[in-house]
């Protein structure tokens, strides 16, 4: 059910980007719209899947009911207060944040104190509180409503894009929809929270120093994993109008399989591994981790194979309307191919982070991620020097590869060899999957000049069949 809900959420996110492309194309307003949506998207990754999950889910699993409820209320209070203050600062001085996200984009300072920034500022505390409620629900194994949050948020944004034609007030309507979407997400989660979580009267400070440190390290680590995309997008803003939007569209296509497949596995893994660790069943922890790593890596590898062959068809079918001309479509397709190369590394790093967070070793994740981020100037420099979109996107791929390998070494999980992730059954499963995929890839290429629908139809059937056959080998 979680996978199905995340599927709807990610598809709604993709449709959101399609409507964004239809309304704005690759223009200055499109770049501003992307910047407005970047901050709440960043906050969701920072809080819902980052610091709050890393700190709260293991602790919620360990505490008895009354203490768990008290911790929930205390965390809710602190999250709301901190991000309300951040929202006020953003509203008054938007360039503090937006200037970092897109330094080459003109006109952002003119948004200070206006409705365009107000909607995003309102979304900050609402999203932070949603992070606390989602962590509580996930710790109880109630993933469905928390997973539906992205769907509700995106539906609000889509309604604004569909319901209003492109005009001078379009950006303001988009920003207000961002605030409304954050409110809908929070209300849906609060509605299913158990009464015990809302009625606790305990004032004992269960949020001790260790948990606060875990939150800080987890939040910073989650933020740092997103830094490459932000840095690359910021660098792209220096390459001309519409570049930020092109990078955004390509990255959103990659987030679809990552969100549906990888996020589902890593979200459940954090709760499962935290429970096993709390019960002191350490031997089972590594067994479960290896199973999840092999499944996630297999899914990611097959996704990359099919994405490399069908990127043009996907981009043409989804974005080939409105303000998108053939040159813009070709640009997005080329960036999409490069971006998809990062998926296997994201699969590995996501599960390694879940494993280390379940052991309350968030500081290790933070230090490794920070060290990888420090390599970004070297990774981004060739793309800026040569003014190459592909090299800029490649910087994200290399970053994810370094992060995945480093985390695996620190967690003492081998990626190759007899007991490694890519050994034994995994190698056979991947070989079978690729063998099954080859005729479908060939047929898809043969249909390239005829129909995008037919081409993607063969690709979709081939992917599902390859996944089915290869997954059976892993059992």
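Given the criteria more than 25 Å from residue 38 (Cβ to Cβ), not in a helix (DSSP H, G or I) and not assigned by TED's automatic domain parsing to the domain that holds residue 454, does residue 280 qualify? Can you show your working first?
Numbers: more than 25 Å from residue 38 (Cβ to Cβ): yes; not in a helix (DSSP H, G or I): yes; not assigned by TED's automatic domain parsing to the domain that holds residue 454: yes.
Yes.
Against the definition (touching a helix residue (DSSP H, G or I) at 6+ places or on another chain (Cβ under 8 Å), under 13 Å from residue 257 (Cβ atoms) and not assigned by TED's automatic domain parsing to the domain that holds residue 457), how does residue 295 come out, yes or no? Before you say what the answer is, go through the steps one by one.
On the way: touching a helix residue (DSSP H, G or I) at 6+ places or on another chain (Cβ under 8 Å): yes; under 13 Å from residue 257 (Cβ atoms): no; not assigned by TED's automatic domain parsing to the domain that holds residue 457: yes.
Considered against the rule, which asks whether it is touching a helix residue (DSSP H, G or I) at 6+ places or on another chain (Cβ under 8 Å), under 13 Å from residue 257 (Cβ atoms) and not assigned by TED's automatic domain parsing to the domain that holds residue 457, residue 295 comes out as no.
Run down 407, 384, 430, 467 and say which single residue is surrounded by 16 or more Cβ atoms within 10 Å (Cβ to Cβ), within 30 Å of residue 313 (Cα to Cα) and either in the same structural domain as residue 236 (by TED's automatic domain parsing) or at pLDDT 90 or above (or both).
Values: 407 fails: within 30 Å of residue 313 (Cα to Cα); 430 fails: either in the same structural domain as residue 236 (by TED's automatic domain parsing) or at pLDDT 90 or above (or both); 467 fails: either in the same structural domain as residue 236 (by TED's automatic domain parsing) or at pLDDT 90 or above (or both).
Result: 384 is the single residue among 407, 384, 430, 467 that is surrounded by 16 or more Cβ atoms within 10 Å (Cβ to Cβ), within 30 Å of residue 313 (Cα to Cα) and either in the same structural domain as residue 236 (by TED's automatic domain parsing) or at pLDDT 90 or above (or both).
Please pick out the residue among 342, 363 that is touching a residue at least 24 places away in the same chain (Cβ under 8 Å), assigned by TED's automatic domain parsing to the domain that holds residue 58 and surrounded by fewer than 18 Cβ atoms within 10 Å (Cβ to Cβ).
Numbers: 342 fails: surrounded by fewer than 18 Cβ atoms within 10 Å (Cβ to Cβ).
Step by step, each of 342, 363 is checked, and only 363 is touching a residue at least 24 places away in the same chain (Cβ under 8 Å), assigned by TED's automatic domain parsing to the domain that holds residue 58 and surrounded by fewer than 18 Cβ atoms within 10 Å (Cβ to Cβ).
I'd like the full set of residues that are closer than 18 Å to residue 17 by Cβ and out of contact with any helix residue (DSSP H, G or I) (no Cβ under 8 Å at 6 or more places or on another chain), limited to region 302-329.
325
Going residue by residue through region 316-335, is there one that turns out to be within 22 Å of residue 403 (Cα to Cα) and either free of Cβ contacts under 8 Å to residues at least 40 places away in the same chain or outside the structural domain of residue 451 (by TED's automatic domain parsing) (or both)?
We begin by selecting, within region 316-335, every residue within 22 Å of residue 403 (Cα to Cα); these are 335.
Subset that is either free of Cβ contacts under 8 Å to residues at least 40 places away in the same chain or outside the structural domain of residue 451 (by TED's automatic domain parsing) (or both): 335.
Yes.
The values are calculated or read from the model by the stated rules, or taken from the named source; none is laboratory data. All values derive from a computational prediction rather than experimental measurement. Ideal geometry is used to build each Cβ from the backbone, glycine not excepted, and the neighbour counts take in all protein chains shown.
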